[in-house]
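**Q** I'd like to ask you about the structure that follows.
Every read-out reported here was derived from the displayed coordinates using simple, explicitly stated rules and does not represent laboratory data. Keep in mind that what you see is a predicted model, and the values were worked out from it rather than measured. Counting neighbours? That spans all protein chains shown, and the Cβs are built from the backbone with ideal geometry, glycine included.
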Number of protein chains: 2
Amino acid sequence: MRSAAEGVGARPVDERRRTDLDRTARARIRDAAVARFGVDGFASTSVRAVAADAGVSAALVIHHFGSKDGLRAACDAHVLETIREGKLATMAGGAGLDTLAALRRLDDAAPVLRYLARVLVEPSPRVAALVDELVEDAVGYSAEGERTGLLRPSRDPRARAAVMIVWSLGALVLHEHVARLLGADLLDGADGIAAYSLPAAELLGEGVLTPAALAQVTALYERLGHAPGRAPSAPAAAPTGPGGEGAPPIPDETR
Amino acid sequence: MRSAAEGVGARPVDERRRTDLDRTARARIRDAAVARFGVDGFASTSVRAVAADAGVSAALVIHHFGSKDGLRAACDAHVLETIREGKLATMAGGAGLDTLAALRRLDDAAPVLRYLARVLVEPSPRVAALVDELVEDAVGYSAEGERTGLLRPSRDPRARAAVMIVWSLGALVLHEHVARLLGADLLDGADGIAAYSLPAAELLGEGVLTPAALAQVTALYERLGHAPGRAPSAPAAAPTGPGGEGAPPIPDETR
DNA sequence: ACGGGCACTGAACGTACGTTTAGATTACTG
DNA sequence: CAGTAATCTAAACGTACGTTCAGTGCCCGT
């Protein structure tokens, strides 16, 4: 009893041909679930709430998706496919500055991005694979950008791409803080994004650290735990592999 | 039946004086809750699971904290206070590069940071206030860095500080992806952090965009939605205020 | 010594959840 | 047009949850 579709018996089943397997109520349920999961999270969303949003019974949700976890898997697949579809034109405008720029141009981008922001924080092989793809793409764009003179060369292009993707996605995950701090709604269309993109571009263009500070920080972090000539970044495939490296006794004071 | 403290009747109540109000079982429950909430999330963690981890009964949790939400509030307060305590020495080493460097030097930093990474993604006035404080601190450090010649000047220092804080916290929230992509565990001590900090320092030092690309991106984002002379960033105090700015009809094509 | 208060427990209560079941209605096939 | 499969529902089931309750033992002031 939430939105429209009050008449449960008189369902508008023939708004599309039902020969299309992935339309009608099934798609309605899936979309409602994506929206709900994105706003409230998976654990805090009940099957009944999704069903009510979709205008169907809770039993039908189970009938179509087997279980609540099946529904989650379907949402994952749908959202990730949607993102992969829109990924093509990515980075065309911002040259690697905005990972999901193409996505936001879609009409109903907000629920998809909100869902993505949710699933990014909890472990999921599917999401990890998508992030790895984004990094791989960014590596490619980065190489091309270097060739065309838009991007500077890097000591470790893959690591640089990974950090930029993490920053981009991190800003998406923290979109509520971005909106409060800068007035930029990263889930919405290109409206207020400039308030985030302009300082980000300044950071990514001019940098913040002066050469002296950069040398200082680099020397600091190269001294501990990371030999300069060592393999600079993982091949973006291992599940959790090289992280940790045991626990060598580190000095207490780093300064 | 999980870890130690199997003997429920024989509780080690006098490991500290119980005249200390905020020690003994109450602190054990709170710490167990911080750890559990950080790993599994609030909604997916049962009061009984927290009680079992702390070696007490579920009823005692309610007795001490009133309700599960009261327990959450106590965890919020404790974690945020811990972070505020360690915040002093922040940015001493990395010059604004690493927001929570001081925190990680603590012995049991991982649960606190994991909890913070969880609560950062869901709306909370308390967490928002903390983030606002971090930005405010960063503004101060940034001004000081400019004076001492470590940091470059900015067209909008507060916006730049906000973006850097968002990136730092975003990397923390996505620590699992950072670990997989770069092999750097941001929750742990200074061990593998270099694998993240080195490319981050390169980005923040030299930048990625060439001057031509920076001018291009800046011009693009200045054209839409953001007049150059306008108030550059919110005063970092309004709860959700200036974000959105209504809904002016934006042009469909942004390129 | 003793009585009040506090920490703490096992058991129970009410509820909301995911899921199952049986049946109704609809759509398609021969 | 009969039969069958698919779609969909209301109701019920079992469980796990947050919380309440009544009671037990221990500590501390007098």
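**Q** Ranking B:152, B:223 by Cβ neighbours within 10 Å, fewest first, what do you get?
**A** Details: B:152 20, B:223 12.
Least to most surrounded, the residues fall as B:223, B:152.
**Q** Tell me, in nm to one decimal, what length is gained between residue A:73 and residue A:59 on full extension, where the rule is 0.36 nm per residue of separation less the Cα-Cα distance? Intermediate results must be reported in sequence, preceding the final value.
**A** On the way: separation 14, 0.36 × 14 = 5.04 nm, distance 1.77 nm.
Fully extending the segment from residue A:73 to residue A:59 adds 3.3 nm.
**Q** While we're here: Put the label 7 Å from Cα along Cα→Cβ for residue B:149; what are its distances to the other copies, in nanometres, shortest first?
**A** Output for residue B:149: 3.3 nm, nearest copy listed first.
**Q** For a quick check: sort A:218, A:148 by the number of other beta carbons within 10 angstrom, fewest at the front.
**A** A:148, A:218
**Q** I'd like the distance between the alpha-carbon centres of the range A:26-79 and the range A:141-195, rounded to an integer number of Å.
**A** First find each Cα centre; the distance between them is then 31 Å.
**Q** Order these by the 10 Å Cβ neighbour count, fewest first: B:141, B:221.
**A** On the way: B:141 18, B:221 24.
Going from least to most buried by this count: B:141, B:221.
**Q** When the distances between all Cα atoms of the range A:169-215 are binned every 10 Å from zero, what whole-number percent does each bin get?
**A** 27, 43, 21, 9
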